[in-house]
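Quick notes on the structure that follows.
The values are calculated or read from the model by the stated rules, or taken from the named source; none is laboratory data. From a predicted model like this one, the values you see are computed outputs, not experimental measurements. When we count neighbours, we look across all protein chains shown, and the Cβ atoms used for this are built from the backbone with ideal geometry, even at glycine.
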Amino acid sequence: MNTLTSTNLLNAIYDRRAVRKYTKDPIERAVLERLIEIATHAPSAMNLQSWAFAIVQGEDRLRGYSERAKTHLLQGTGALADHARGLLEQHVNIFHDASTLLIVCATGEEEQAQEDCCLAAQTFMLAAFGAGYGTCPIGFSRPWLRLTETKRELGIPQDFVPVFPVVIGIAAERPESHGREPARIMWC
Ligand SMILES: Cc1cc2nc3c(=O)[nH]c(=O)nc-3n(C[C@H](O)[C@H](O)[C@H](O)COP(=O)(O)O)c2cc1C
């Protein structure tokens, strides 16, 4: 893993992209553990650190989970399901053929646990970028990951809540930025 010190913080913030093509190279366990340790330096409400990190590995395994997650998602109603109907034909495998999925889980129902998890996930993605890896959040998988039977199968405790799934791997593409709208600023 490259050292993070070689990556300027602003470069990481500006140049990180959602990567949807990965090489077949595996990620070492030590690298994942190091990136997760870095993620735990994110801020958390009352410093409760209400997060836990589930790692699922195996491209074929994730492809199978993708089918199940899509089926579940498309049976649902609401904005995410509607959005998915338009997009999932393009993204046949919702995990983009990556072989590692990290699921940042809230360790309970504390009021701000989900915010903690999102901050840890963003810290993880920036650290991963700095270390030479690509990442992509996979919100489409979340409804399926939250099912009782899925948590049981993956060994995630029932009182944990999958909040932020993100795949990681060596990027096989360099996506362009889609740009950003100017911030809506209110001087109050
Ligand atoms: C909460 C959340 C859920 C997302 N879910 C998905 C997803 O299921 N699949 C996907 O390919 N990208 C997903 N993305 C990535 C966004 O599409 C991407 O971040 C956005 O288009 C901006 O592109 P950039 O990250 O390259 O700047 C998600 C991003 C966030 C923050």
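Numerical summary
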{"quantity": "First in segment 15-31 and in contact (Cβ under 8 Å) with a residue 40 or more places away in the chain and under 12 Å from residue 100 (Cβ atoms), second anywhere and acidic (Asp, Glu) and assigned to a helix (DSSP H, G or I), Cβ under 9 Å, 6 or more apart", "calculated": "22/59; 24/59"}
{"quantity": "Residue, nearest to the chain's Cα centre (by Cα), within segment 143-159, restricted to residues that are within 19 Å of residue 57 (Cβ to Cβ) and buried (at least 17 other Cβ atoms within 10 Å of the Cβ)", "calculated": "145"}
{"quantity": "Per-region count, segment 14-46, residues surrounded by 12 or more Cβ atoms within 10 Å (Cβ to Cβ), more than 17 Å from the chain's Cα centre (by Cα) and within 26 Å of residue 88 (Cβ to Cβ)", "calculated": "1"}
{"quantity": "Residue check for residue 170: closer than 20 Å to residue 15 by Cα and more than 15 Å from the ligand (Cβ to nearest atom)", "calculated": "yes"}
{"quantity": "Among the residues listed as 71, 100, 107, the single one being of a type outside the set (Lys, Arg), without any contact (Cβ under 8 Å) to a residue 60 or more places away in the chain, surrounded by 17 or more Cβ atoms within 10 Å (Cβ to Cβ) and over 11 Å from residue 141 (Cβ atoms)", "calculated": "107"}
{"quantity": "Answer residue from segment 42-67, given it is farther than 20 Å from residue 114 by Cα and small (Gly, Ala, Ser) and is farthest from the ligand (Cβ to nearest atom) among those", "calculated": "58"}
{"quantity": "Residue match in segment 58-79 (condition: in contact with a Pro (Cβ under 9 Å, 6 or more places away or on another chain), at pLDDT 95 or above and of a type in the set (D, E, K, R))", "calculated": "no"}
{"quantity": "Spans of helices (runs of 4 or more DSSP H) in segment 68-160 with at least 2 residues more than 13 Å from the ligand (Cβ to nearest atom)", "calculated": "79-87, 113-130, 148-154"}
